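Some notes on the structure that comes next.
The values are calculated or read from the model by the stated rules, or taken from the named source; none is laboratory data. On a predicted model such as this, the values are computed, not experimentally measured, just so you know. Ideal geometry is used to build each Cβ from the backbone, glycine not excepted, and the neighbour counts take in all protein chains shown. Side chains are part of the model used for accessible areas, which takes the heavy atoms of the whole protein and leaves out ligands, DNA and RNA. Shrake-Rupley method; radii C 1.70, N 1.55, O 1.52, S 1.80 Å.
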Amino acid sequence: MACGWHGQRLSTVRQERRTTMAGLYLEEFVVGHVFRHTLRKTVTESDNMLFSVMTLNPQPLHIDFDFAAKSEWGRPLVNSLFTLGLMIGISVNDITVGTTVANLGMKETVFPHPVFHGDTIRVETTVLSVRDSKSKPDRGIVEFEHRAYNQSDVLVAKCTRQAMMMKKAI
(Lines give C-alpha, C1' and ligand atoms only; values in the text may rest on other atoms or scores of the structure.)
Protein backbone atom coordinates (compact mmCIF):
# COMPACT_ATOMS: atom_id res chain seq x y z
CA MET A 1 0.00 0.00 0.00
CA ALA A 2 1.45 3.34 -1.09
CA CYS A 3 1.18 6.29 1.21
CA GLY A 4 2.56 9.80 1.67
CA TRP A 5 4.89 11.52 -0.77
CA HIS A 6 6.28 8.27 -2.24
CA GLY A 7 2.77 7.09 -3.13
CA GLN A 8 1.94 10.41 -4.79
CA ARG A 9 5.18 10.32 -6.81
CA LEU A 10 4.53 6.75 -7.97
CA SER A 11 1.03 7.75 -9.06
CA THR A 12 2.48 10.70 -11.01
CA VAL A 13 5.03 8.46 -12.75
CA ARG A 14 2.31 6.00 -13.74
CA GLN A 15 0.18 8.85 -15.10
CA GLU A 16 3.15 10.21 -17.09
CA ARG A 17 3.75 6.78 -18.63
CA ARG A 18 0.11 6.63 -19.73
CA THR A 19 0.19 10.04 -21.39
CA THR A 20 3.69 10.00 -22.91
CA MET A 21 3.78 8.86 -26.53
CA ALA A 22 6.29 6.23 -27.58
CA GLY A 23 6.54 7.65 -31.11
CA LEU A 24 8.87 10.47 -32.06
CA TYR A 25 7.75 14.04 -32.52
CA LEU A 26 8.65 16.05 -35.62
CA GLU A 27 11.62 17.75 -33.93
CA GLU A 28 13.14 14.37 -33.00
CA PHE A 29 13.57 13.12 -36.58
CA VAL A 30 17.00 13.57 -38.19
CA VAL A 31 17.41 13.36 -41.95
CA GLY A 32 19.54 10.37 -42.87
CA HIS A 33 18.92 8.47 -39.63
CA VAL A 34 18.36 4.74 -40.19
CA PHE A 35 16.11 2.82 -37.82
CA ARG A 36 16.83 -0.91 -37.72
CA HIS A 37 13.61 -2.18 -36.20
CA THR A 38 14.05 -5.08 -33.79
CA LEU A 39 10.51 -6.42 -34.22
CA ARG A 40 10.39 -9.18 -36.85
CA LYS A 41 7.63 -11.48 -38.09
CA THR A 42 7.53 -14.88 -39.69
CA VAL A 43 4.69 -14.82 -42.21
CA THR A 44 2.34 -17.77 -41.93
CA GLU A 45 -0.12 -19.38 -44.30
CA SER A 46 -2.88 -18.13 -42.00
CA ASP A 47 -1.65 -14.53 -42.27
CA ASN A 48 -1.79 -14.70 -46.06
CA MET A 49 -5.14 -16.49 -46.27
CA LEU A 50 -6.84 -14.27 -43.70
CA PHE A 51 -5.58 -11.06 -45.31
CA SER A 52 -6.62 -12.20 -48.79
CA VAL A 53 -10.08 -13.26 -47.61
CA MET A 54 -10.62 -10.11 -45.52
CA THR A 55 -9.72 -7.88 -48.49
CA LEU A 56 -11.90 -9.94 -50.87
CA ASN A 57 -8.87 -10.77 -53.02
CA PRO A 58 -9.54 -14.10 -54.80
CA GLN A 59 -6.15 -14.18 -56.58
CA PRO A 60 -5.35 -17.90 -56.86
CA LEU A 61 -1.62 -17.18 -56.57
CA HIS A 62 -2.35 -16.35 -52.92
CA ILE A 63 -5.08 -18.77 -51.89
CA ASP A 64 -5.10 -21.80 -54.25
CA PHE A 65 -2.21 -24.14 -53.51
CA ASP A 66 -2.87 -26.28 -56.61
CA PHE A 67 -2.94 -23.26 -58.92
CA ALA A 68 0.16 -21.76 -57.27
CA ALA A 69 2.03 -25.08 -57.55
CA LYS A 70 1.63 -24.86 -61.35
CA SER A 71 2.90 -21.26 -61.48
CA GLU A 72 6.52 -20.23 -62.01
CA TRP A 73 6.80 -19.88 -58.21
CA GLY A 74 5.65 -23.43 -57.43
CA ARG A 75 3.90 -22.31 -54.26
CA PRO A 76 1.58 -19.53 -53.00
CA LEU A 77 2.85 -15.96 -52.92
CA VAL A 78 2.10 -13.79 -49.91
CA ASN A 79 -0.26 -10.97 -50.86
CA SER A 80 1.94 -7.93 -51.60
CA LEU A 81 -0.44 -5.57 -49.81
CA PHE A 82 -0.01 -7.67 -46.67
CA THR A 83 3.76 -7.29 -47.10
CA LEU A 84 3.37 -3.51 -47.46
CA GLY A 85 1.20 -3.28 -44.34
CA LEU A 86 3.56 -5.50 -42.36
CA MET A 87 6.58 -3.45 -43.41
CA ILE A 88 5.03 -0.20 -42.25
CA GLY A 89 3.44 -1.81 -39.20
CA ILE A 90 6.78 -3.11 -37.94
CA SER A 91 8.10 0.47 -37.99
CA VAL A 92 5.24 2.02 -36.02
CA ASN A 93 6.28 1.09 -32.48
CA ASP A 94 9.75 2.58 -32.91
CA ILE A 95 8.92 5.82 -34.67
CA THR A 96 5.28 6.88 -34.97
CA VAL A 97 2.98 5.26 -32.40
CA GLY A 98 0.77 7.98 -30.95
CA THR A 99 2.53 10.87 -32.71
CA THR A 100 1.22 10.42 -36.26
CA VAL A 101 -1.61 12.73 -37.28
CA ALA A 102 -2.15 11.00 -40.64
CA ASN A 103 -0.48 9.09 -43.43
CA LEU A 104 -0.34 11.40 -46.44
CA GLY A 105 0.67 8.88 -49.05
CA MET A 106 3.04 6.26 -50.33
CA LYS A 107 4.95 6.29 -53.57
CA GLU A 108 7.67 4.35 -55.30
CA THR A 109 6.35 1.13 -53.79
CA VAL A 110 8.10 -1.91 -55.20
CA PHE A 111 8.18 -5.63 -54.45
CA PRO A 112 11.47 -6.83 -56.01
CA HIS A 113 11.23 -10.37 -54.61
CA PRO A 114 8.22 -12.45 -53.52
CA VAL A 115 7.41 -13.32 -49.93
CA PHE A 116 6.45 -16.92 -49.19
CA HIS A 117 4.88 -18.66 -46.20
CA GLY A 118 7.61 -19.15 -43.61
CA ASP A 119 9.67 -16.10 -44.57
CA THR A 120 10.78 -13.93 -41.66
CA ILE A 121 10.57 -10.22 -42.38
CA ARG A 122 12.75 -7.51 -40.85
CA VAL A 123 12.52 -3.79 -41.62
CA GLU A 124 14.74 -0.73 -41.81
CA THR A 125 13.50 2.85 -42.10
CA THR A 126 15.48 5.88 -43.26
CA VAL A 127 14.33 9.45 -42.62
CA LEU A 128 14.47 11.19 -46.01
CA SER A 129 13.14 14.64 -45.14
CA VAL A 130 11.57 16.64 -42.31
CA ARG A 131 9.67 19.91 -42.67
CA ASP A 132 7.16 22.07 -40.87
CA SER A 133 3.60 22.14 -42.15
CA LYS A 134 2.86 25.23 -44.20
CA SER A 135 -0.70 25.49 -42.88
CA LYS A 136 -0.66 24.00 -39.36
CA PRO A 137 2.00 25.19 -36.89
CA ASP A 138 1.53 22.24 -34.49
CA ARG A 139 2.73 19.61 -36.97
CA GLY A 140 5.00 18.81 -39.87
CA ILE A 141 5.73 16.23 -42.53
CA VAL A 142 8.32 13.46 -42.40
CA GLU A 143 9.22 11.41 -45.44
CA PHE A 144 10.40 7.86 -44.73
CA GLU A 145 11.86 5.12 -46.87
CA HIS A 146 10.83 1.72 -45.52
CA ARG A 147 12.66 -1.43 -46.64
CA ALA A 148 11.69 -5.01 -45.83
CA TYR A 149 14.06 -7.95 -46.09
CA ASN A 150 13.53 -11.69 -45.73
CA GLN A 151 15.64 -14.03 -43.59
CA SER A 152 18.26 -14.22 -46.37
CA ASP A 153 18.60 -10.40 -46.41
CA VAL A 154 16.88 -10.21 -49.81
CA LEU A 155 14.93 -6.98 -50.33
CA VAL A 156 11.25 -7.95 -50.65
CA ALA A 157 9.55 -4.54 -50.41
CA LYS A 158 10.37 -0.85 -50.41
CA CYS A 159 8.29 2.32 -50.33
CA THR A 160 8.54 6.01 -49.67
CA ARG A 161 5.91 7.26 -47.23
CA GLN A 162 4.94 10.72 -46.06
CA ALA A 163 3.40 11.08 -42.62
CA MET A 164 2.05 14.15 -40.86
CA MET A 165 3.63 14.17 -37.41
CA MET A 166 2.84 16.06 -34.24
CA LYS A 167 5.27 18.61 -32.85
CA LYS A 168 6.11 18.60 -29.16
CA ALA A 169 3.64 20.61 -27.11
CA ILE A 170 5.06 23.96 -26.07
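Summary of values
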item	result
For a label point 7 Å along the Cα-to-beta-carbon line of residue 104, residues of segment 140-159 with backbone N under 13 Å	140-144
Value of relative contact order over segment 15-107, rounded to a whole percent, pairs C-alpha under 8 Å and six or more apart	43 percent
Accessible-area order (highest first, 1.4 angstrom probe) of the listed residues 139, 131	131, 139
Label-zone membership for segment 112-140, site residue 42, 7 angstrom Cα→C-beta point, backbone N under 15 Å	116-122
Out-of-range pairs (alpha-carbon distance over 19 Å; input 107/158; 41/158; 134/167; 136/168; 134/168)	none
Calculated FRET value between residue 54 and residue 132, using beta carbons and R₀ = 41 Å, to 0.05	0.65
Kyte-Doolittle at least 1.0, axis length at least 20 Å by Cα - qualifying DSSP helices, the chain	80-95
Alpha-carbon centroids, segment 47-67 and segment 102-156: separation in whole Å	24 Å
Reach of residue 70 by Cα under 19 Å, taken over aspartates and glutamates that are not fewer than 8 positions away in the same chain	45
Local net charge near residue 117, Cβ-Cβ under 13 Å (Lys/Arg +1, Asp/Glu -1)	-1
Descending Cα extents along the principal axes, segment 115-170, whole Å	46, 17, 14
Radius 12 Å from Cβ of residue 86, net charge of other residues (Lys, Arg +1; Asp, Glu -1)	+1
Relative contact order (%) - segment 25-170, alpha-carbon pairs under 8 angstrom, separation at least six	32 percent
Order of exposure, largest accessible area first, which applies to 138, 47 with probe 1.4 Å	138, 47
